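The values are calculated or read from the model by the stated rules, or taken from the named source; none is laboratory data. Here the structure is a predicted model, which is why all the values come from computation and not from measurement. Methodologically, a virtual Cβ is constructed for each residue, glycine included, from the backbone with ideal geometry; neighbour enumeration extends over all protein chains shown.
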Amino acid sequence: MTEGEARARADIIARFDAMAKVAQEGRRILDARPDGAVDDGFGASGYADTAGLPDGALRASLGCGDPVGVADPRPGETVLDLGCGGGLDVLLAARRVGPAGKVYGLDASAEMIELAKANAAEAGAGNVGFLHAAIEDVPLPDASVDVIVSNYVINLSVDKPRVLEEAYRVLRPGGRIAVADVIAEDGLDPDRRAAAERRVGCRYGTLTEGEYRALLARAGFGRYTVTRARPVIDGLHAALIRAGKPDAPPGIVIRPMRTADADQVLAIYQAGLDGGNASFETTAPSWEAFDAGKLPLHRYVAVEATTGQVVGWVAVSPVSGRCVYAGVVEDSVYVHPDHAGRGIGLALLNALIQSTEAAGVWTIEAGVFPENTASLRLHEKAGFRVVGTRHRLGRHHGRWRDVVLIERRSPVVGV
Ligand SMILES: C[S@@+](CC[C@H](N)C(=O)[O-])C[C@H]1O[C@@H](n2cnc3c(N)ncnc32)[C@H](O)[C@@H]1O
């Protein structure tokens, strides 16, 4: 974080410290309508059911939606509220997860944390805990949370990509995130956008729908949607953002592929080629060639949770530059031979399907040697069908080989 960003964050937090004090004095705070421009749907008015919750929590509410209602935490789950403010969402989530569950409220404002603690004590919530910390550096271990919620906070961050990366890190495999936030229309005139952001208190700028989707994809999320809930003011909208972290077999984490993974990825690639049934290629490409050929937002590695060792990867290449094929890609999935049979290939393929579908890809295809029955079975489990066999398509180590063409047509994109 630069000095300027640190200063900007400190200014933002000081403002919320002051607002928390107003609430502590028993007054209502609603930061979002300095000139009366912003109407219903902010604060406690955005919830269907707040009966029985402390007045202090309702008065302090500064959200723009109901992310807890969207995420629907279940009994026993662990929930993290990023930027919990006075704690209304913490209390709502605490009711849902029950005594076997746990809800953490995290906020960088010490005064907001004090307010939230007082509200939780008044509500008699015994299954909550509070973290005085920044959403860019969450003090929780990897894969420790089932559900993340956040209500009108991420727009305030000086490092929004980092917030989503942290959210991905602390979610357990298969975990989910629901965010209420204010977003800008894509293509809005920058001056008009900045003026509207100032009016609703988005002090470090909003994301557009496209920017949110790109950051979610880059952080590794699949199944993401960004849905406008209602117009707020002049090109800004309250929105609900939902996404999921890919599921993984025990002991494995699926995460986006990074340049630092290059050596391990290419070694696994080469081990697959050496088996003789993975591809017509006989030598793994250079990292530069690999990087240039694969789409950047749909590459995952499977790593051992304890050691970080890469044990498999998946990636896709576009099949054609013609626009009619914009939603058609070809996958490659490789698992280190020592780790076959652990369900890693299927987890990688499922992660790829969720990420490509969220981005609007409608068909994933692959060509597989008929002798590679493991790959054919794996793809079948992930919903691929056999299109047909291409006979004597090419020579491999001096031998003509057939290739089975398989494809998965998405049941959700472009139907
Ligand atoms: C608009 S309020 C929303 C509070 C709460 N989610 C609600 O719905 O009432 C934004 C909250 O995010 C906190 N916040 C802003 N930037 C933060 C950051 N970088 N890290 C942690 N908390 C932050 C503020 O202190 C404030 O409590």
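Within region 302-359, being hydrophobic (A, V, I, L, M, F, W, C) and free of Cβ contacts under 8 Å to residues at least 40 places away in the same chain holds for Val314, Cys323, Val324, Ala326, Val328, Val329, Ala340, Leu346, Leu349. Just one of (1) modelled with pLDDT under 95; (2) within 20 Å of Gly87 (Cβ to Cβ) fails for Phe130. It is (1).
In region 107-126, the residues that are among the hydroxyl-bearing types (Ser, Thr, Tyr) reach residues that are near the ligand (Cβ under 9 Å from one of its atoms) with C-beta atoms within less than 7 angstrom, at least six apart or across chains, in these pairs: Ser109/Ile13; Ser109/Phe16; Ser109/Asp17; Ser109/Ala20. Among the residues of region 211-222, is there at least one that is crowded, with 19+ Cβ neighbours inside 10 Å, more than 16 Å from the ligand (Cβ to nearest atom), among the charged types (D, E, K, R) and assigned to a helix (DSSP H, G or I)? Within region 211-222 (the criterion being crowded, with 19+ Cβ neighbours inside 10 Å, more than 16 Å from the ligand (Cβ to nearest atom), among the charged types (D, E, K, R) and assigned to a helix (DSSP H, G or I)), the answer is yes, since at least one residue qualifies.
Is region 266-284 home to any residue that is in contact with a Gly (Cβ under 6 Å, 6 or more places away or on another chain), within 25 Å of Val404 (Cβ to Cβ) and assigned to a loop (DSSP other than H, G, I, E, B)? Yes: region 266-284 contains one or more residues that are in contact with a Gly (Cβ under 6 Å, 6 or more places away or on another chain), within 25 Å of Val404 (Cβ to Cβ) and assigned to a loop (DSSP other than H, G, I, E, B).
With respect to Tyr204, is the statement that it is in a loop (DSSP other than H, G, I, E, B) and over 15 Å from the mean Cα position of the chain (by Cα) true? In short, yes.
Listed here are the residues, each with its yes/no results for (1) under 25 Å from the mean Cα position of the chain (by Cα); (2) more than 18 Å from Leu349 (Cβ to Cβ); (3) outside the structural domain of Gly222 (by TED's automatic domain parsing); (4) of a type outside the set (A, V, I, L, M, F, W, C).
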{"residue": "Ala267", "(1), (2), (3), (4)": "no, yes, yes, no"}
{"residue": "Leu273", "(1), (2), (3), (4)": "no, yes, yes, no"}
{"residue": "Gly276", "(1), (2), (3), (4)": "no, yes, yes, yes"}
{"residue": "Pro285", "(1), (2), (3), (4)": "no, yes, yes, yes"}
{"residue": "Gly293", "(1), (2), (3), (4)": "yes, yes, yes, yes"}
{"residue": "Ala302", "(1), (2), (3), (4)": "yes, no, yes, no"}
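Screening Glu197 on (1) more than 30 Å from Tyr300 (Cβ to Cβ); (2) under 15 Å from the mean Cα position of the chain (by Cα) shows it passes everything except condition (2). Of the strands (runs of 3 or more DSSP E) lying entirely inside region 59-173, the ones with 1 or more residues being surrounded by fewer than 24 Cβ atoms within 10 Å (Cβ to Cβ) and within 12 Å of the ligand (Cβ to nearest atom) are found at 128-132. Here is the figure for region 91-146: residues that are closer than 21 Å to Ser157 by Cβ and over 24 Å from the mean Cα position of the chain (by Cα) total 7. Restricting attention to region 174-204, the residues that are out of contact with any Ser or Thr (no Cβ under 6 Å at 6 or more places or on another chain) and within 13 Å of the ligand (Cβ to nearest atom) total 8.
In the set Glu365, Glu357, Glu371, only one residue is in a strand (DSSP E or B) and acidic (Asp, Glu); that residue is Glu365.
Residue-wise test of (1) surrounded by fewer than 18 Cβ atoms within 10 Å (Cβ to Cβ); (2) modelled with pLDDT under 95.
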site: His379; (1), (2): no, no
site: Gly383; (1), (2): yes, no
site: Gly388; (1), (2): yes, no
site: His396; (1), (2): yes, yes
site: Arg409; (1), (2): yes, no
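Among the residues of region 76-126, those that are polar (S, T, N, Q) and farther than 19 Å from Ala178 by Cβ comprise Ser109, Asn119. Can you find even one residue in region 289-307 that is over 30 Å from Gly414 (Cβ atoms), in a helix (DSSP H, G or I) and at pLDDT 95 or above? Checking region 289-307: at least one residue is over 30 Å from Gly414 (Cβ atoms), in a helix (DSSP H, G or I) and at pLDDT 95 or above. The selection criterion, being touching a helix residue (DSSP H, G or I) at 6+ places or on another chain (Cβ under 6 Å), farther than 23 Å from Pro337 by Cβ and not charged (D, E, K, R), does not hold for Tyr212. Selection of region 372-415 for residues being among the β-branched types (Val, Ile, Thr) and touching a His at 6+ places or on another chain (Cβ under 6 Å) yields only Ile406.
Determine, yes or no, whether Ala366 is in contact (Cβ under 8 Å) with a residue 40 or more places away in the chain, within 21 Å of Arg299 (Cα to Cα) and touching a Gly at 6+ places or on another chain (Cβ under 6 Å). No; evaluated as a whole, the condition is false for this residue. For region 332-355, check the following and say yes or no: at least one residue is surrounded by 15 or more Cβ atoms within 10 Å (Cβ to Cβ) and over 30 Å from the mean Cα position of the chain (by Cα). Looking for residues that are surrounded by 15 or more Cβ atoms within 10 Å (Cβ to Cβ) and over 30 Å from the mean Cα position of the chain (by Cα), one finds none in region 332-355, hence no.
Which residues, counting only those in region 312-332, are in a loop (DSSP other than H, G, I, E, B) and polar (S, T, N, Q)? Within region 312-332, Ser320 is the sole residue that qualifies. Could you please give the count of residues in region 385-414 that are within 26 Å of the chain's Cα centre (by Cα) and in a loop (DSSP other than H, G, I, E, B)? Result for region 385-414: 5.
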